[in-house]
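Each remark here refers to the structure printed beneath this line.
The values are calculated or read from the model by the stated rules, or taken from the named source; none is laboratory data. Quick caveat, the model's predicted, so the values are computed rather than measured. Virtual Cβ from ideal backbone geometry, glycine too; neighbours counted across all protein chains shown. For accessibility, only protein heavy atoms count, side chains too; no ligands or nucleic acids. Shrake-Rupley method; radii C 1.70, N 1.55, O 1.52, S 1.80 Å.
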Amino acid sequence: MSDDHTHVQEFFAARAADWDSRFPDDGPAHAAAVAELGLREGDRVLDAGCGTGRALPPLRAAVGPSGVVVGVDLTPAMLAVAARAGRGLDGQLLLADVTRLPLGTESLDAVFAAGLIAHLPEPAENLTELARVVRAGGTLALFHPIGRAALAARQGRRITPDDLRAEPNLGPLLAGSGWRMTSYVDEDARFLALAVRVK
């Protein structure tokens, strides 16, 4: 976990230019995860920590032309890559911090967050901020295009019991932040936890 926004920006800025080419097969996984959010025509959805915006096209397809799609990221270089790739046509790209969103309370129907949770400085507080901007009954998808074990192997580390993405840790964390976890999948090919915003 990072408690330093500057470190996060530097980490992703250094990797932004070739991010999509490093992970070229992630597109279908993003689309499949978006499909599980159950979005409808006209819904309002946030891609929190959108990076290069790979989820924006499937999010736009899910909510249609009458829906609202906003991609928020802390790193200007990632948003610049998203814009060059034309993903700003699928949603508004916004340079902002997901820990202090410039969005109204209960202004959204859903949040999609790919690879975000490990970069939250205060996970309980930050997930509460995501809950603030979602209406009661709205949904959250915490996603990674590979599972915890595969990600740990890629990074040359072992999974530890305090991993926030572990089901025994994530369920209570979400519950204390205004969410109720409704499903949990951790396979080599993907990690996806879905939650509903409680009243």
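Rounded to the nearest 20 debye, the dipole magnitude of the chain is 240 debye, with +1 charges on Lys and Arg beta carbons, -1 on Asp and Glu beta carbons, and the Cα centre as origin. When only the Cβ of Lys, Arg, Asp and Glu is charged (+1, +1, -1, -1), the dipole of the range 27-86 relative to its Cα centre reaches about 140 debye. Top mean-square fluctuation among H30, H144, H119, Gaussian network model of the chain, C-alpha springs under 10 Å? Of H30, H144, H119, the most mobile in the Gaussian network model is H119.
For the residues L164, L93, L127, a GNM of the chain with alpha-carbon springs under 10 Å puts the largest fluctuation on L164.
Full extension of the chain between R84 and Q155 yields a length gain of 22.7 nm, computed as 0.36 nm times the residue separation minus the alpha carbon distance.
If you find the alpha carbon centre of the range 123-189 and of the range 32-102, how far apart are they in angstrom? Comparing the Cα centres of the range 123-189 and the range 32-102, I get a distance of 19 Å.
Filter the trypsin sites (Lys or Arg not before Pro) in the range 121-171 down to the DSSP loop ones having no more than 15 other Cβ atoms within 10 Å, then list what survives. Don't skip to the end; give the middle numbers.
Details: sites: R132, R135, R148, R154, R157, R158, R165; in loops: R157, R158, R165.
Hits after loop and neighbour filter: R157, R158.
Over the chain, with every protein chain in place, what whole percent of the accessible area is carbon and sulfur at 1.4 Å, could you tell me? Display every interim value, and only then the final one.
On the way: 4890 of 9090 Å².
Carbon and sulfur together cover 54 percent of it.
Computing Cα extents along the principal axes in Å directly from the structure and comparing it against (i) 44, 40, 30; (ii) 53, 36, 32; (iii) 71, 36, 27 singles out (i).
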